[in-house]
Amino acid sequence: MCVRLIAGPLLAAALLAAQPRWELQYFHDEDEASLALADLQFPSNRRGVAVGVLTAKGRTQPVCLVTADGGVKWSTVRLRAEPVSLFFLDDSSGWMVTGDGLWVTEESGLTWRKLGAPKDLLRVHFLDSQRGFGVGLQRKAWRTTDGGKNWERIRETVEMSGDPNRVVLGWIEFLDQRRGLITGWNRSRSEESDLPDWMDPQRPKRRVRPTLSVTLETNDGGRTWTPSSSSMFGRVTRTRFDQRGTLWLVEFPSHFDWPSEVFWSQWRSSEASRVFRTKEVRVTDVMWRQEYAYVAGVAHRGQLAESPVPAPVRVLRSRDLSHWEDMEADYRAVARRVFLAASREGGLWLATDTGMILRLAER
């Protein structure tokens, strides 16, 4: 009996210590300065790149953070334009979408060279060093066959449903060299208000209405695309592919019953099942990694979808998409939005819009 009484707490402590946790690797903590990260990529377990905007004493400076040792040390590179998103093909080659165009690096983010790019570009995805695709505002998507120097409009987007002035194509993802998906949504008139909800708490609650959701699917490496549309609540902001299927992240506006939901479907299936939702977490990214699916976001407080006050980072994972395990994260990690990045070897990192980068540490 005595042995069991002693071994029980020790065993419990050992099991707790063995659990993987999110450890803080980088934290921009300077007086009168803040860093808002916009995207993060880890093409390998050692090479990582994050981009964002540094604000100090009322002045802003776009910056790039670069690591060559898995995030132990980070170097800061000044940028000449405000970053929007990143895509890396391998350790060296990457593209950065900014407010004034597209930039390319062959040196893991240490130097950047500007390319010609379509107006209103939001995100790119490359299948190799020459063949790539871009999506953006005004219901537009493009392709390039020369690494991003020249672009042509994807014909199928011209004939899609929806007001071209309101439809945003905001995400593109490929499962392999042939199968890819573009997702987008129709911006409602209420989203064009001068003030967000948190700045005008006396404004009557807006009635949430279904909006147009659009997709374009390819099965031939982007030579042709099949468009489709549907009416739904919320917007699809992320899709993540794996051989097990597709994770769909749907985010909702303020005053909706749920801040977000995650769905799963098999490739090319018209049926999707909801696998995660809770009023306690506003999910802003999803990811497959090895045998787990991950959902990452922030603690949800009140009815505001976009609160100005950072909240604790929350990450959960599941093997079967039914039972979700709440993971431990550094207590200092707070954010309004988070972004996940997985390396080819299986490493997993998380960046926040409050200037933090965390790594999933296996015990």
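Descriptive notes on the structure:
- Considering the stretch 231-250, the residues that are among the charged types (D, E, K, R) and surrounded by 17 or more Cβ atoms within 10 Å (Cβ to Cβ) include one that is farthest from the chain's Cα centre (by Cα), namely R235.
- Among the residues making up the stretch 69-80, a single one is surrounded by fewer than 17 Cβ atoms within 10 Å (Cβ to Cβ) and either small (G, A, S) or under 20 Å from the mean Cα position of the chain (by Cα) (or both): S75.
- Every residue from the stretch 23-42 that is surrounded by fewer than 21 Cβ atoms within 10 Å (Cβ to Cβ) and among the aromatic types (F, W, Y): F27
Table: residues versus (1) outside the structural domain of G222 (by TED's automatic domain parsing); (2) not in a strand (DSSP E or B).
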{"position": "G71", "(1), (2)": "yes, yes"}
{"position": "R80", "(1), (2)": "yes, yes"}
{"position": "S85", "(1), (2)": "yes, no"}
{"position": "L102", "(1), (2)": "yes, no"}
{"position": "R123", "(1), (2)": "no, no"}
{"position": "V135", "(1), (2)": "no, no"}
{"position": "Q138", "(1), (2)": "no, yes"}
{"position": "S161", "(1), (2)": "no, yes"}
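- Within this structure, R59 fails the test of being outside the structural domain of A351 (by TED's automatic domain parsing), surrounded by fewer than 19 Cβ atoms within 10 Å (Cβ to Cβ), free of Cβ contacts under 8 Å to residues at least 24 places away in the same chain and touching a Cys at 6+ places or on another chain (Cβ under 9 Å).
- Flag if I154 is in contact with a His (Cβ under 9 Å, 6 or more places away or on another chain), modelled with pLDDT of 90 or more and among the aliphatic types (A, V, I, L, M): no
The values are calculated or read from the model by the stated rules, or taken from the named source; none is laboratory data. Because the structure is a prediction, the values reported are computed rather than measured. Don't worry about glycine lacking a Cβ; one is built from the backbone with ideal geometry, like all the others, and counts go over all protein chains shown.
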